[in-house]
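Quick one: this structure, given as structure tokens, is what I'll be asking you about.
The values are calculated or read from the model by the stated rules, or taken from the named source; none is laboratory data. Values in this document were obtained by computation on a predicted structure and should not be read as measured data. So basically every Cβ, Gly included, is an ideal-geometry build from the backbone, and we count neighbours across all protein chains shown. Keep in mind that these areas ignore ligands, DNA and RNA; they rest on the heavy atoms of the full protein, side chains included. Shrake-Rupley method; radii C 1.70, N 1.55, O 1.52, S 1.80 Å.
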Amino acid sequence: MIATVKPRRIELYINSAKKTLAAIKKETGASHIINGGLYNLNTRVPYCQLKAGGTVYADDGYKYFGFAWDSAEDFALCRVPCGKANYIACVDLLRGGQNGDMGYSAALGGARQRTAIGKTADGRIVLYCNQSSRTPERLREEMRAAGCVDAIMLDGGLSSQCDFDGWTLCADRNCHNYICIWAEESTQGGDTVLKKGNKGTEVKALQKQLITLG
């Protein structure tokens, strides 16, 4: 499932109370929510780099490419940690239209459920959530086909869950953190039934994906 949004507001929700995605949706009123970064399932301690609302929740001492922002207007891919109020990092898929240096560990490899976030050249945000199996390499090409010039893989496996303005994928886990977006505009793709003669964003996205997949 893919959603492309023009964001009005973007926040990282730290789920200390272990709330469900549905409860977070009701509490925040965000139009789009997706599970966020990696964390330890037993201790709920997050990995990589994570900062929300000015508070650092994860810093393993390394710099990664991730998305950082103070507001929706300056949401951008950069090296983190950085001075922005919010940032999140995981596996670097796309950077400036080129392949990122994914460099993921074996624990993140193989075909599994995936989630990702990316940005298009015109500043829109692409949210990806799929409960079918994908390798990181295939995920990267699907994000490219969706129009992303920058993209990172988020937590995956059995954590993959989202609510894209009422289009939902559910999971049993209450994740450590979620990305919440309040959208000015949005389009969904990936589950739309297309017919001969259709036009628009969904058709273009499907055409790109078919070309990428051969």
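Here is a check on your reading of the model: is Ile125 touching a His at 6+ places or on another chain (Cβ under 7 Å), surrounded by 15 or more Cβ atoms within 10 Å (Cβ to Cβ) and at pLDDT 95 or above? Steps first, answer last, please.
Values: touching a His at 6+ places or on another chain (Cβ under 7 Å): no; surrounded by 15 or more Cβ atoms within 10 Å (Cβ to Cβ): yes; at pLDDT 95 or above: yes.
Spelling it out, it is not the case that Ile125 is touching a His at 6+ places or on another chain (Cβ under 7 Å), surrounded by 15 or more Cβ atoms within 10 Å (Cβ to Cβ) and at pLDDT 95 or above.
If you don't mind, another one. Would you mind finding the one in Lys51, Lys84, Lys119 that is open to solvent by 50 Å² or more (accessible area, probe 1.4 Å), modelled with pLDDT of 95 or more and either assigned to a strand (DSSP E or B) or in contact with a strand residue (DSSP E or B) (Cβ under 9 Å, 6 or more places away or on another chain) (or both)? Steps first, answer last, please.
On the way: Lys51 fails: open to solvent by 50 Å² or more (accessible area, probe 1.4 Å); Lys119 fails: open to solvent by 50 Å² or more (accessible area, probe 1.4 Å).
Step by step, each of Lys51, Lys84, Lys119 is checked, and only Lys84 is open to solvent by 50 Å² or more (accessible area, probe 1.4 Å), modelled with pLDDT of 95 or more and either assigned to a strand (DSSP E or B) or in contact with a strand residue (DSSP E or B) (Cβ under 9 Å, 6 or more places away or on another chain) (or both).
Continuing with this model, one more query. What pairs come out if I take residues in the stretch 66-81 that are open to solvent by less than 40 Å² (accessible area, probe 1.4 Å) and at pLDDT 95 or above and pair them with residues that are in a helix (DSSP H, G or I) and of a type in the set (D, E, K, R) whose C-beta lies under 9 Å away, six or more apart or interchain?
Ala68/Asp74
Moving on to the next point. Return only the number of the condition from (1) more than 16 Å from the chain's Cα centre (by Cα); (2) open to solvent by 70 Å² or more (accessible area, probe 1.4 Å); (3) in contact (Cβ under 8 Å) with a residue 40 or more places away in the chain that Arg95 does not satisfy.
The one condition Arg95 does not meet is (1).
Restricting attention to the stretch 98-116, report how many residues are surrounded by 14 or more Cβ atoms within 10 Å (Cβ to Cβ) and among the charged types (D, E, K, R).
Count: 2.
Tell me which of these Pro7 doesn't satisfy, since it passes every other one: (1) in contact (Cβ under 8 Å) with a residue 60 or more places away in the chain; (2) under 23 Å from Glu185 (Cα atoms); (3) over 14 Å from the mean Cα position of the chain (by Cα).
(3)
For the stretch 70-80, does any single residue satisfy the condition of being within 24 Å of Gln188 (Cβ to Cβ), of a type outside the set (S, T, N, Q), assigned to a strand (DSSP E or B) and touching a Lys or Arg at 6+ places or on another chain (Cβ under 6 Å)?
Looking for residues that are within 24 Å of Gln188 (Cβ to Cβ), of a type outside the set (S, T, N, Q), assigned to a strand (DSSP E or B) and touching a Lys or Arg at 6+ places or on another chain (Cβ under 6 Å), one finds none in the stretch 70-80, hence no.
Quick grid of which residues meet (1) part of a strand (DSSP E or B); (2) at pLDDT below 95; (3) open to solvent by less than 20 Å² (accessible area, probe 1.4 Å); (4) over 20 Å from Ile88 (Cα atoms):
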| residue | (1), (2), (3), (4) |
| --- | --- |
| Arg140 | no, no, no, no |
| Ala151 | yes, no, yes, no |
| Ile181 | yes, no, yes, no |
| Gln188 | yes, yes, no, yes |
| Lys195 | no, yes, no, yes |
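Something else now. Under 8 Å by Cβ, and 6 or more places apart or on different chains, what pairs join a residue from the stretch 122-134 that is without any contact (Cβ under 8 Å) to a residue 40 or more places away in the chain and within 18 Å of Gly110 (Cβ to Cβ) with one that is open to solvent by 10 Å² or more (accessible area, probe 1.4 Å) and of a type in the set (Lys, Arg)?
Cβ pairs passing all conditions: Ser133/Arg112; Arg134/Arg112.
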